[in-house]
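> Just passing along the structure, written as structure tokens.
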Amino acid sequence: MSTKNNNNTKSFVDLVVETQSSVVDQFVDATKKLVKDVPFVHETLDKGNQMYKDALHGQAEMFEKTTAQMNETTQNMNQSAENVKNFFQQWFENQMNWAKTTFQHQQQNAQNGFSSNPADWSNQWQNWMQQTNQYWNQNMNMAPYYQMMSNNPFMNTQKMQHQFTEFMGPWNQQMKAYFDFMNNSFGEWWKKMPNMTAADSFQGMNKMAESLTKFYELWAPMFKHFENKNFNMETYKEMMNPEKYKAFVDKFFSFLPDESRKQFDEMNKQFIQSMKQLAETGLNNYQQFKAQAQMAPWMQNSPFNQMVDIYTNWKNSMVEAVSPVSRLFEENANVKNAKIWNEIYDNMITLNLKNSELQYMVYQNSMKVMDTLAENVAVKIQNGEQVDSVVKLFQEWMMLGDDTFTKLFQSDAYSKLMTEVSSLQLRIKKDMDIEMEKLFFSNMPIATRTEMDEVYKNLYDLKKMYRNLERMFNHEEEVKAEVKNPKKK
Amino acid sequence: MLNTNSILQEFVEINDKLQKGYQTLKQIEEVDVATTPKELVWECDKVKMYHYIRETPPKCDVPVLVSFAIMNRHDVLDLQPDRSLMKKLLEEGLDIYIMDWGYPSRADMYLTMEDYILGYLNDAIDFVRRRHKVNKIHKMGICQGGLFSMIYASIHPEKLKTLTTYVAPYDFEDANCNMLYNWAKHLDVDTMVDTVGVVGADMLNNAFSMLKPSMDVAKYFGVMDMMEDKDKLMNFLRMERWKNDCPDLSGEMYRKYIKDLFRDNKLIKGTFELGGHKVDLKNMTVPFLNVYATEDNIIPNKSTIAVMDRIGSTDKQLYAFPGGHIGVFVGAKSQKELAPSIAKWVMARSS
């Protein structure tokens, strides 16, 4: 192999290739046994296995070449220990700045009041949308903090990762490919389980394995320093990948990944825009819609199951059909509706802001956890101890995390912010529920939730009245019986 | 230094365990809990009361009514035959009834704490009293069920022979006890209840899981090692089933629970009111056994113990159980030591 001349890495690479080949063989055999009735799976596995091994050997040959690059990379990585924290700080500030700008703009609008001139309204609306779009576009282009990192030789995470990926190629890439393969393979198996609790448990085991894999990926770039016994806090700070760690923490606490959250926000934004436009047109088109809807084939079968589709289709067609907000008249019901949706959107911006702050608190603390773990590992390495288990590292991270996170969650600052975020979410939901009902369902031939809630209240009151009467009656019977046959006390 | 061989081997083992886990879990068709025989004897709306069937006559004539927290299912008290507080208490000679609070839906969002305590619980107690032709019964309450039983006992001490509570929260003053106490102080409960009507079990479970964030990941390391031990695996699965089977909470009940108890600590302060009754703990004069778990991370010990000095009972006793919140019902020590001690304490006060 090409690593023969490199005494430092020979055993490392050989071992990786040998062990992984055997791991894949073992896995392929086991999978074949499990899916013995599905012939095409055998064929796919065999092909995959060969491709995997070829790739593995190919990458091993690259190892020696990339070692030189590694030395160069290491020399470049001499920035301060604060760099990792900067990533989160920048992420947070980015979120804050966007939200502040947009929110302040909205506040200004609100303070000025709604103009009676539709053109003014329209301009403001367009400016606002433009600003928002800019933000989204900016994020699509990987956001300012990525630019900041590109300008900073150390914080150029992508470059750093690339170099490490090359250096650790045979180990890192193949392990990741292997675990992706394994996770994907196991991913859907729970569906075949007859018992839901067992299926949930299997899913839980899978997720745990997935988290472990992500944790492994975080530490893998540092393994070379473990091997060379020169791992310390400096190397840790240099090699820690904040992006990956953020993704790991997001998963651990089930935060939405940034991109998903942005998509979600975007979806909301579009939805509210549609609502405003609908508010503008009022429900003049409702009758026409209803007549069309009733003729639709899905209306003949299960209309209530299709309600969401009706709503979505209607909304989309309305968005296309109606004119923008510039057609708004002066203070009328439609303008009022538009204001309500505006408020909802304002709340969403605030929510975004506060939620970012909340997440930032968690990220900050998660860095403390990882730093402490790294310190512990560094001490072990310096003491000549072996790092022989990623599971143990992960478990230590969780133990340290429990301590750190529970202190954070218990703090006044976190508690206040967390409950504030929760209230905002609920308020948005409540407002949207009311408006949705008002706009769509109040004219539908179905009971709305508000109406059902009134029915529930009446039923509750009637039942309570009945029970109280029943209790009074029973009590009177007991008193009568007592009078007839006094009990000994 | 790095031991690559052991790290690779570790991952191979994990994947091997995952495969074995799949094969084992695939075979499991049923995860049964609460199998001790019992019959339905009373129901009102979604609330039911069961009577445990005894093979032998009870050792005392005064029956016991057990009620668990409304936010969890009572099944954990009878999780499996060898870990069943109910079964053990039956074996010790008690005659036991148990409340099943049911699964509230949006239609139940107006149910108040008064409806639960002075409505359902009171009606069930009256039913048992009539059925056994006794004036007083023994009452046991667990966690939130203990708190509600304490409130009931303060209003209707004349209907109870004794009160035993397990890991119940009474004093909510110290917000630093744990994060849930602090969160409750800041929670905008009005917006929450007005929005959702019934408070989702998932939301509450998420809050509880934050008490030990790693728990939902860490537990699976242990599970993977259980795959060849069917008994251990089934124990785990039963507990999982119970933990995932949580009812939603009526919004109005939750509103008062958070505002009056968690936030304003009215019960301890002596200002709590329910259904027109001023709830004075000094009126709680029935013999009282207060069980707390020394390692309880959900209900802080000081919250449980604080009630001792405020009640009117002269016959009162603290029982420190060495273990955690759930260990009180399912731990081996619970079966061996706690259940017999409680049964003995209750029976001694049955005459």
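> Does residue B:28 qualify as being touching a residue at least 12 places away in the same chain (Cβ under 8 Å), in a loop (DSSP other than H, G, I, E, B) and at the interface with another protein chain (Cβ under 9 Å from one of its Cβ atoms)?
yes
> Could you tell me whether segment B:173-181 includes any residue that is assigned to a helix (DSSP H, G or I) and within 8 Å of chain A (Cβ to nearest Cβ)? Full working, then the answer.
Here is the first cut: in segment B:173-181, the ones assigned to a helix (DSSP H, G or I) are B:179-181.
Next, from what is left, pick out any that are within 8 Å of chain A (Cβ to nearest Cβ): B:179.
Within segment B:173-181, one or more residues are assigned to a helix (DSSP H, G or I) and within 8 Å of chain A (Cβ to nearest Cβ).
> Turning to a different aspect of this structure: Anything in segment A:382-411 that is out of contact with any helix residue (DSSP H, G or I) (no Cβ under 6 Å at 6 or more places or on another chain), part of a helix (DSSP H, G or I) and farther than 21 Å from residue A:247 by Cβ? List them, or say none.
A:382, A:392, A:399, A:403, A:406, A:407
> From the set of residues in segment B:220-245 that are outside any loop (DSSP other than H, G, I, E, B) and among the acidic types (Asp, Glu), which is surrounded by the fewest Cβ atoms within 10 Å (Cβ to Cβ)?
This residue is B:231.
> Check whether at least one residue in segment B:240-252 is farther than 27 Å from residue B:77 by Cα and away from chain A (no Cβ under 14 Å), and report yes or no.
No, segment B:240-252 contains no residue that is farther than 27 Å from residue B:77 by Cα and away from chain A (no Cβ under 14 Å).
> How many residues are surrounded by fewer than 17 Cβ atoms within 10 Å (Cβ to Cβ) and under 30 Å from residue A:336 (Cα atoms) when one looks only at segment A:397-429?
1
> Taking residue B:295 as meeting all but one of (1) away from chain A (no Cβ under 12 Å); (2) assigned to a helix (DSSP H, G or I), write down the number of the exception.
With (1) away from chain A (no Cβ under 12 Å); (2) assigned to a helix (DSSP H, G or I) applied to residue B:295, the lone miss is (2).
> Mind checking which residues of segment B:1-25 are among the hydroxyl-bearing types (Ser, Thr, Tyr) and at the interface with chain A (Cβ under 7 Å from one of its Cβ atoms)?
B:4, B:6, B:22 - these are the residues of segment B:1-25 that are among the hydroxyl-bearing types (Ser, Thr, Tyr) and at the interface with chain A (Cβ under 7 Å from one of its Cβ atoms).
> Let me ask something additional. If we scan segment A:460-477, do we find a residue that is in a helix (DSSP H, G or I), facing chain B (nearest Cβ under 7 Å) and touching a His at 6+ places or on another chain (Cβ under 7 Å)?
Looking for residues that are in a helix (DSSP H, G or I), facing chain B (nearest Cβ under 7 Å) and touching a His at 6+ places or on another chain (Cβ under 7 Å), one finds none in segment A:460-477, hence no.
> If I filter segment A:358-401 down to residues being under 21 Å from the mean Cα position of the chain (by Cα) and facing chain B (nearest Cβ under 7 Å), which single residue comes out as nearest to residue A:208 (Cα to Cα)?
Checked segment A:358-401; the qualifying residue nearest to residue A:208 (Cα to Cα) is A:398.
> Quick check on this structure: which one of B:196, B:217 is in contact with a Phe, Trp or Tyr (Cβ under 8 Å, 6 or more places away or on another chain) and within 9 Å of another protein chain (Cβ to nearest Cβ)?
Just a single option satisfies the conditions, and that option is B:217.
> When you scan segment B:97-136, how many residues do you find that are part of a strand (DSSP E or B) and crowded, with 23+ Cβ neighbours inside 10 Å? Working first, answer last.
Here is the first cut: in segment B:97-136, the ones part of a strand (DSSP E or B) are B:97-100.
Filter again for crowded, with 23+ Cβ neighbours inside 10 Å, leaving B:97-99.
Total meeting the criteria: 3.
Quick grid of which residues meet (1) touching a Leu at 6+ places or on another chain (Cβ under 9 Å); (2) at negative phi; (3) free of Cβ contacts under 8 Å to residues at least 40 places away in the same chain:
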| site | (1), (2), (3) |
| --- | --- |
| B:197 | no, no, no |
| B:207 | yes, yes, yes |
| B:218 | no, yes, yes |
| B:224 | yes, yes, no |
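> Return yes or no: is residue A:442 facing another protein chain (nearest Cβ under 9 Å) and small (Gly, Ala, Ser)?
no
> Return the pairs, sorted by first residue and then second, in which the second residue is at pLDDT 80 or above and hydroxyl-bearing (Ser, Thr, Tyr), the first residue lies in segment B:7-24 and is more than 18 Å from residue A:217 (Cα to Cα) and crowded, with 18+ Cβ neighbours inside 10 Å, the beta carbons are less than 9 Å apart, and the residues are 6+ apart or on different chains.
Within 9 Å, the pairs are B:21/A:201.
> Give me the pairs, please: first residue somewhere in segment B:263-291 and under 23 Å from residue B:120 (Cα atoms), second residue anywhere and in a helix (DSSP H, G or I) and among the small types (Gly, Ala, Ser), beta-carbon distance under 7 Å, and either six or more positions apart or on two chains.
Hits for this filter: B:279/B:154; B:280/B:154; B:281/B:154; B:283/B:154; B:284/B:153; B:284/B:154; B:286/B:153.
The values are calculated or read from the model by the stated rules, or taken from the named source; none is laboratory data. None of these values were measured; they are calculated from a predicted model. Cβ coordinates were reconstructed from backbone atoms using ideal geometry, including for glycine residues, and neighbour counts include every protein chain displayed.
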